[in-house]
Amino acid sequence: MSTNQLIALLPDMAVFVRVVECGSFSAAAKELGLSASAVSRQIARLERALSVRLLERSTRSLRLSDAGQAALTRCQSMLAAAQEAMQVSEQYIASPQGRVRLAVPRGFARAVLQSLITPFLQQNTGIELQLVVTDRLIDPLEDEIDLVIRIGDQPPPGLIGLPLMQIEQVLAASPAYLAQHGVPQSPQDLLEHACICLGESPIDHRWRLSRGKEEATVSIAGPLRVNHSEMRLQASLDGIGIASLPDFTARSALAAGRLQRVLSDWRLGTSYAGTAYLLYPAHRYLPPKLRCVIDALVAHCRGQQLHDQYACE
């Protein structure tokens with residue numbers, strides 16, 4: 001196939017990617033400002049040029065063929081390369097400029113990142129931050145997000161993962177609650193206490209704790225289950241019971257003595273524990289604006305964790 005023929009097919013490849021991402025011809029057409037019939041003709045032209053069927057069509061859905069899946073990966077790389085080419089000029093700009101889209105879990109955003117936002121924007125006036133604060137799993141490519149902070153044991157395949165800080169879940173209660181009900185000495189003692197848990201899934205009331213080689217699973221009960229860490233924090237401060245909290249959420253209250261850790265030599269295992277990673281696609285060119293945000297996030301989070309370690313010593 002000649003270069004001229006390839007160039008003529010580039011718009012069709014871009015439309016193909018958008019059809020797959022949108023899930024239908026009509027949705028892609030609306031987003032691209034085209035008619036559904038025009039989009040259909042472009043896909044048909046691409047299929048004729050490649051001599052394969054890319055999409056299996058029905059009245060209700062679209063499904064990628066095996067050839068379509070292979071073609072999609074390459075067409076997405078083409079679009080990513082085009083975006084990177086458009087960003088080349090940024091490396092010649094005196095200071096980083098442009099919008100950076102950052103997705104971050106809700107509790108982490110409020111407790112860890114909030115103190116970074118104002119000084120960062122004051123020092124980097126050319127950058128516009130768009131924060132997507134959500135606990136939903138975000139894919140940088142599918143969701144068109146530049147950077148994602150996610151907590152887990154390891155980065156997902158295909159993504160660069162820079163470790164920002166370690167996240168631990170702690171059990172804590174108010175001194176008044178513990179004075180009235182006693183301090184648990186073992187995981188089994190939690191059965192006698194009112195406990196405040198996440199409550200997002202049926203197993204959230206089963207707390208799994210470990211200490212070295214020891215393990216214990218306790219089915220806790222209590223008057224409140226809520227999937228918002230700051231609401232669990234407030235409930236524990238109000239003396240309702242013993243709450244499971246990310247350490248960054250409980251930090252200030254523990255330092256001020258308004259909360260007291262319980263079973264501090266035991267580790268509580270949940271999905272919201274491990275390492276907070278900063279994620280982005282492995283093949284993505286990093287313009288100055290992204291490097292600026294990455295450097296600031298790494299320095300802020302690692303510096304904050306060091307501060308917490310020294311404060312606890």
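The values are calculated or read from the model by the stated rules, or taken from the named source; none is laboratory data. Just so you know, these numbers come straight off a predicted model, no measurement behind them. In this analysis, Cβ positions are derived from the backbone assuming ideal geometry, glycine residues included, and neighbour counts consider all displayed protein chains. Only protein heavy atoms, including side chains, enter the accessible area calculation; ligands, DNA and RNA are left aside. Shrake-Rupley method; radii C 1.70, N 1.55, O 1.52, S 1.80 Å.
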Hits in the range 38-90 (condition: modelled with pLDDT of 90 or more, hydroxyl-bearing (Ser, Thr, Tyr) and not in a helix (DSSP H, G or I)): Ser51, Ser65
Among the residues listed as Ala71, Ala111, the single one being hydrophobic (A, V, I, L, M, F, W, C) and either farther than 30 Å from Arg302 by Cα or open to solvent by 60 Å² or more (accessible area, probe 1.4 Å) (or both): Ala71
Scan the range 43-50 and give yes if some residue there is farther than 21 Å from Leu141 by Cα and under 30 Å from the mean Cα position of the chain (by Cα), otherwise no. no
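Conditions tested, residue by residue: (1) in contact with a Ser or Thr (Cβ under 7 Å, 6 or more places away or on another chain); (2) in a strand (DSSP E or B); (3) touching a residue at least 24 places away in the same chain (Cβ under 8 Å).
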{"residue": "Ala103", "(1), (2), (3)": "yes, yes, yes"}
{"residue": "Leu116", "(1), (2), (3)": "no, no, yes"}
{"residue": "Gln122", "(1), (2), (3)": "no, no, no"}
{"residue": "Asp139", "(1), (2), (3)": "no, no, no"}
{"residue": "Glu142", "(1), (2), (3)": "no, no, yes"}
{"residue": "Val183", "(1), (2), (3)": "no, no, yes"}
Residues of the range 135-189 being under 17 Å from Leu254 (Cβ atoms) and touching a His at 6+ places or on another chain (Cβ under 9 Å), which ones? Ala173, Tyr177, Pro184
Could you run through the range 17-37 and say how many residues are outside any helix (DSSP H, G or I) and within 16 Å of Glu56 (Cα to Cα)? 2
State whether one or more residues within the range 213-229 are part of a helix (DSSP H, G or I), at pLDDT 95 or above and not assigned by the TED database to the domain that holds Phe108. no
Quickly run through the range 12-50 and pick out the residues that are open to solvent by 70 Å² or more (accessible area, probe 1.4 Å) and touching a residue at least 24 places away in the same chain (Cβ under 8 Å). Glu21, Arg45
Any hit, the range 162-177, residues being assigned to a helix (DSSP H, G or I) and buried (at least 18 other Cβ atoms within 10 Å of the Cβ): yes
Among the residues of the range 225-269, which ones are open to solvent by less than 50 Å² (accessible area, probe 1.4 Å) and of a type in the set (S, T, N, Q)? Ser229, Ser236, Ser244, Thr249
